[in-house]
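Have a look at the structure below before the remarks.
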Amino acid sequence: MGENRQDPTPATPENKPKKHGMFEPVALVFLSLATVGTAWCSFQAASWGAVSQRTLNRSAAESRKAAADQLQAYQMALLDVLLFSQHINARASSNEVLARFYADRFRGEAKAAFESWMSTQPFDNPQAPPHPFVTNLYKPRLLAKAAAEETKSEQLWTQAGEAGRTSRTYVLITVLLASALFCSGMASKFEVLWIRRTALALGLAAFAFAAYLLFSLPVRL
């Protein structure tokens, strides 16, 4: 009869490498912080993403308003030029009544520019501006409004980009924390001591970098 051979070195709990006494408490705290951080960063990423989209919509709205005001300003300027041309034609024909008729119908901005132009004695002074529609005399209110709206649109566009970058950074932190969770969770599964320590060290490194980024970002509640 053959003899039953047994493994001369049976696996016993004493043969397994022992874990350090602080390993599990450190891993528990680490996992808890990483879990809370992941949830927090997910919330912040969603919040800043919404801020970016809303600000982008406001920027587009301001840009549309600026375009509409600019178009209307050009239309009003065309009307002012036509009235001024008729006034000059009537004046050239020595028809003072008709010239006054057109002058009385200048819009406020055109009237102010015309009066400033007339104060330079343009018919006698060769150094006077050639017409009242030079930039230092004619200042359409709608063009100024359009310029202000375009500036605001650019500012909002910049703010939307900053909010978008903040949102993407929070997403990156979420990925780093998820990696830290994976490494710390897997560390306890390994029996080889140096592998276990390496996995935990990688998790701690990812967590430390995520924490550094997290404290440099603005918070939105």
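Residue count for the stretch 117-133 satisfying the condition of being surrounded by 12 or more Cβ atoms within 10 Å (Cβ to Cβ) and part of a loop (DSSP other than H, G, I, E, B): 7. Enumerate the pairs (first residue in the stretch 70-95 and farther than 14 Å from residue 109 by Cα; second residue anywhere and at pLDDT below 90 and hydroxyl-bearing (Ser, Thr, Tyr)) with beta-carbon separation below 7 Å, excluding pairs fewer than 6 apart on the same chain, so at least 6 apart or on different chains. These pairs meet every condition: 86/102; 87/102; 90/102. Going by the structure shown, is residue 173 buried (at least 20 other Cβ atoms within 10 Å of the Cβ), aliphatic (A, V, I, L, M) and assigned to a helix (DSSP H, G or I)? For residue 173, the condition - buried (at least 20 other Cβ atoms within 10 Å of the Cβ), aliphatic (A, V, I, L, M) and assigned to a helix (DSSP H, G or I) - is met.
Just to be sure, is residue 205 more than 30 Å from residue 77 (Cβ to Cβ), surrounded by 20 or more Cβ atoms within 10 Å (Cβ to Cβ) and small (Gly, Ala, Ser)? Judged against the criteria, residue 205 is not a match. So is residue 160 in contact (Cβ under 8 Å) with a residue 12 or more places away in the chain, in contact with a helix residue (DSSP H, G or I) (Cβ under 6 Å, 6 or more places away or on another chain) and within 27 Å of residue 42 (Cα to Cα) or not? Criteria met by residue 160. Within the stretch 134-170, the set of residues being aliphatic (A, V, I, L, M), assigned to a helix (DSSP H, G or I) and either at pLDDT below 90 or surrounded by 15 or more Cβ atoms within 10 Å (Cβ to Cβ) (or both) comprises 142, 143, 146, 156, 160, 163. A count restricted to the stretch 77-105 and to residues that are surrounded by fewer than 16 Cβ atoms within 10 Å (Cβ to Cβ) and of a type in the set (Lys, Arg) stands at 2.
The values are calculated or read from the model by the stated rules, or taken from the named source; none is laboratory data. Keep in mind the model is a prediction, meaning the values are calculated, not measured. Glycine gets a Cβ as well: all are built from the backbone with ideal geometry, and neighbour counts include every protein chain shown.
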